[in-house]
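Visitor: Below you will find the structure I want to go over with you.
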Amino acid sequence: MSVKSNFRCVTCTAPVNIAVIKYWGKTDEKRILPTNPSLSVTLGQDELRAKTSVAVSSSFSEDRMWLNGIEQSVSSPRIQNVLKEIRRRAHKRKSGDSKDDIGLTQHVHIVSENNFPTAAGLASSAAGYACLVFALGKLFGVHGEISDIARQGSGSACRSLYGGYVLWKMGSKEDGSDSHAVQVQPETHWPQMRSLILVVSDQKKHVGSTEGMQTTVQTSELMEKRIKLVDKRTEEITQAIKERDFPTFAKITMQESNQLHAVCLDTYPPIFYMTDTSRLIVRLVHAINDISGKVKVAYTFDAGPNACLYLLEEDVPHVLALVRHFFPPSKNMTDSSFVTGLKLDEIKPSSADIAQINIPISEGAVKYVIHTKVGPGPQVLTDPEGSLFTREGKPKLRSSS
Ligand SMILES: Nc1ncnc2c1ncn2[C@@H]1O[C@H](COP(=O)(O)OP(=O)(O)OP(=O)(O)O)[C@@H](O)[C@H]1O
Ligand SMILES: C[C@@](O)(CCOP(=O)(O)OP(=O)(O)O)CC(=O)O
């Protein structure tokens, strides 16, 4: 890459978020405007993150993108909307010759990779679009509110622009300019909060979220009732988070998940994201809460069979031991590869607990467990070694993840 080519590059990472108040339904498919507000928890990036390098150079002859080592088309309307909107805002800020300085007259190359399975119900699109928008914002000097741009890539992505506990406000303007995310509490607010993701399947889901929620809005009568309830639930859970009231947080989280899957079942034809294993996890969580005499763990399921459990740090050994007992790993798996993100000496449940829980043991039904904390929003990587471009400006094409 010659000096004359003006190669400029920025590398960022962005987190996954898992909603406790679910987004499921749009009022505007093109602008991606939701039928209701939603609220999520941003997870730690050590375990789950997208990493994206974006570059401009006068030697690039077209916009291009590589995801997990494989070139993707940039012609999808969602990528195009994101690129168009970032460039539009950057143009507004700059005038005349300075457009060249920030590469606005040049093409962009995007290289991204996820450190977890893509398109497998683990919110890769949320982390991916948040990362792309954040990195492009840094590259083109677009500051201020950009979560509304990420929203146009994938709705839930707007919430990954912030750490901690994040609300996606519905907004009321037709152009969607006030439909964006805000942080309701930072990641430091509730240091004991933990998440266990029970990966039941990392295969692509049969009905994508975009299509699934569209059919729900068109056909589910229950959906109308749900939409009326969401505001109240959002207020209540926001207050529970503020007060660090785990039982209330947990109950609303579980009721929300159940309602999402109820409207999916009420969709015509019905959509089934949860599997027999998902339902056994629900039974296990309620059983653990019953024998504990308090609500100490909550489940939530998105558009797939994987469970996200929320719980407090002190309860992780107890809950994990029971998960490990009722969903033992396949024979060829060690405990340390079964649970990532946590060092465990021993995970053994008490026989008294086991005797009180009446659910079948399902070996291999949970493939692995990711332990993670609540984490911060996107980060800029300053170490050039972290870039996904070589010094010559070519994408580093590592093995896909
Ligand atoms: N790092 C990334 N950068 C840009 N786009 C990404 C990235 N990761 C995923 N995507 C986009 O998101 C799509 C996957 O979205 P999809 O909704 O099918 O799965 P998911 O987000 O992993 O699951 P879910 O939405 O159910 O949690 C990919 O095909 C790709 O278009
Ligand atoms: C079940 C969910 O995870 C749905 C996420 O839907 P997407 O954000 O993936 O949908 P599009 O806006 O069409 O890209 C619930 C949630 O994250 O709030």
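Visitor: Quick check, is N68 within 16 Å of ligand 1 (Cβ to nearest atom), polar (S, T, N, Q) and closer than 25 Å to D202 by Cβ?
Guide: So N68 fits the description; yes.
Visitor: Just to be sure, is A303 touching a Gly at 6+ places or on another chain (Cβ under 7 Å), among the aliphatic types (A, V, I, L, M) and in contact (Cβ under 8 Å) with a residue 60 or more places away in the chain?
Guide: Considered against the rule, which asks whether it is touching a Gly at 6+ places or on another chain (Cβ under 7 Å), among the aliphatic types (A, V, I, L, M) and in contact (Cβ under 8 Å) with a residue 60 or more places away in the chain, A303 comes out as yes.
Visitor: Something else: Only residues in the stretch 65-77 that are open to solvent by less than 40 Å² (accessible area, probe 1.4 Å) count as the first member; pair them with residues that are at pLDDT below 95 and away from ligand 2 (no atom under 16 Å from the Cβ), Cβ under 8 angstrom, at least 6 apart or cross-chain, and list the lot.
Guide: Final answer for the pair search is W66/L397; N68/S400; N68/S401; G69/L397; G69/R398; G69/S399; G69/S400.
Visitor: All but one of (1) in contact (Cβ under 8 Å) with a residue 12 or more places away in the chain; (2) outside any helix (DSSP H, G or I); (3) out of contact with any strand residue (DSSP E or B) (no Cβ under 9 Å at 6 or more places or on another chain) hold for I370; state the number of the condition that does not hold.
Guide: Unmet condition: (3).
Visitor: Take K138 and tell me if it is open to solvent by 20 Å² or more (accessible area, probe 1.4 Å), in the same structural domain as K94 (by TED's automatic domain parsing) and in a helix (DSSP H, G or I).
Guide: yes
Visitor: Out of curiosity, is A119 in contact with a Cys (Cβ under 7 Å, 6 or more places away or on another chain) and within 11 Å of ligand 2 (Cβ to nearest atom)?
Guide: no
Visitor: Taking the stated definitions as given, is R283 more than 19 Å from the chain's Cα centre (by Cα), within 22 Å of T372 (Cβ to Cβ), assigned by TED's automatic domain parsing to the domain that holds V323 and of a type in the set (D, E, K, R)?
Guide: The answer is no for R283.
Visitor: Any residue at all in the stretch 263-271 that is open to solvent by 40 Å² or more (accessible area, probe 1.4 Å), closer than 18 Å to S195 by Cα and modelled with pLDDT of 95 or more?
Guide: Checking the stretch 263-271: not a single residue is open to solvent by 40 Å² or more (accessible area, probe 1.4 Å), closer than 18 Å to S195 by Cα and modelled with pLDDT of 95 or more.
Visitor: Scan the stretch 1-17 residue by residue and report those that are crowded, with 19+ Cβ neighbours inside 10 Å and modelled with pLDDT under 95.
Guide: F7
Visitor: Go through the residues of the stretch 272-285 one by one and say whether even a single one is within 16 Å of ligand 1 (Cβ to nearest atom) and not hydroxyl-bearing (S, T, Y).
Guide: yes
Results for (1) within 19 Å of T277 (Cα to Cα); (2) modelled with pLDDT of 95 or more, shown as yes or no for each residue.
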| position | (1), (2) |
| --- | --- |
| V319 | yes, yes |
| P329 | yes, no |
| S350 | no, no |
| L381 | no, yes |
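Visitor: Spot the failing condition for L196; the list is (1) away from ligand 2 (no atom under 16 Å from the Cβ); (2) touching a His at 6+ places or on another chain (Cβ under 6 Å); (3) within 18 Å of K84 (Cβ to Cβ), and only one is missed.
Guide: (3)
Visitor: Among the residues of the stretch 19-56, how many are more than 13 Å from ligand 1 (Cβ to nearest atom), buried (at least 21 other Cβ atoms within 10 Å of the Cβ) and within 29 Å of G69 (Cβ to Cβ)?
Guide: The total comes to 4.
Visitor: Moving to a separate point now. Of G171, G144, G103, G163, which residue is away from ligand 2 (no atom under 16 Å from the Cβ), part of a loop (DSSP other than H, G, I, E, B), of a type outside the set (D, E) and open to solvent by 20 Å² or more (accessible area, probe 1.4 Å)?
Guide: Exactly one of G171, G144, G103, G163 is away from ligand 2 (no atom under 16 Å from the Cβ), part of a loop (DSSP other than H, G, I, E, B), of a type outside the set (D, E) and open to solvent by 20 Å² or more (accessible area, probe 1.4 Å), namely G144.
Visitor: Select from the stretch 349-398 the residues that are open to solvent by 60 Å² or more (accessible area, probe 1.4 Å) and among the polar types (S, T, N, Q) and list them in ascending order.
Guide: The answer is S351, Q356, N358, Q379, T382.
Visitor: Scan the strands (runs of 3 or more DSSP E) fully inside the stretch 1-90 and keep the ones with 2 or more residues being under 30 Å from M254 (Cβ atoms) and under 22 Å from the mean Cα position of the chain (by Cα).
Guide: Those strands (runs of 3 or more DSSP E) span 8-15, 17-21, 26-28, 38-42, 49-57.
Visitor: Next up: Looking at L122, is it closer than 27 Å to I197 by Cβ, at pLDDT 95 or above and near ligand 1 (Cβ under 9 Å from one of its atoms)?
Guide: Judged against the criteria, L122 is not a match.
Visitor: Something else about it: Please list, ordered by first then second residue, the pairs with beta carbon atoms under 8 Å, 6 or more apart or interchain, first in the stretch 14-38 and touching a residue at least 12 places away in the same chain (Cβ under 8 Å) and closer than 24 Å to V54 by Cβ, second hydroxyl-bearing (S, T, Y) and assigned to a strand (DSSP E or B).
Guide: Pairs found: A14/T52; P15/T42; V16/T42; N17/S40; N17/T42.
Visitor: Pull out all pairs, ordered by first then second residue, where Cβ-Cβ is under 9 Å, the residues are six or more apart or on different chains, the first lies in the stretch 249-261 and is touching a residue at least 60 places away in the same chain (Cβ under 8 Å) and outside the structural domain of W24 (by TED's automatic domain parsing), and the second is acidic (D, E) and surrounded by 23 or more Cβ atoms within 10 Å (Cβ to Cβ).
Guide: Once the first residue is touching a residue at least 60 places away in the same chain (Cβ under 8 Å) and outside the structural domain of W24 (by TED's automatic domain parsing) and sits in the stretch 249-261, its partners that are acidic (D, E) and surrounded by 23 or more Cβ atoms within 10 Å (Cβ to Cβ) give S257/D302; L260/D302.
The values are calculated or read from the model by the stated rules, or taken from the named source; none is laboratory data. Predicted, not measured: the structure shown is a model, and the values here were computed from it. Backbone-built Cβ (ideal geometry, glycine too); neighbour counts: all protein chains shown. Only protein heavy atoms, including side chains, enter the accessible area calculation; ligands, DNA and RNA are left aside. Shrake-Rupley method; radii C 1.70, N 1.55, O 1.52, S 1.80 Å.
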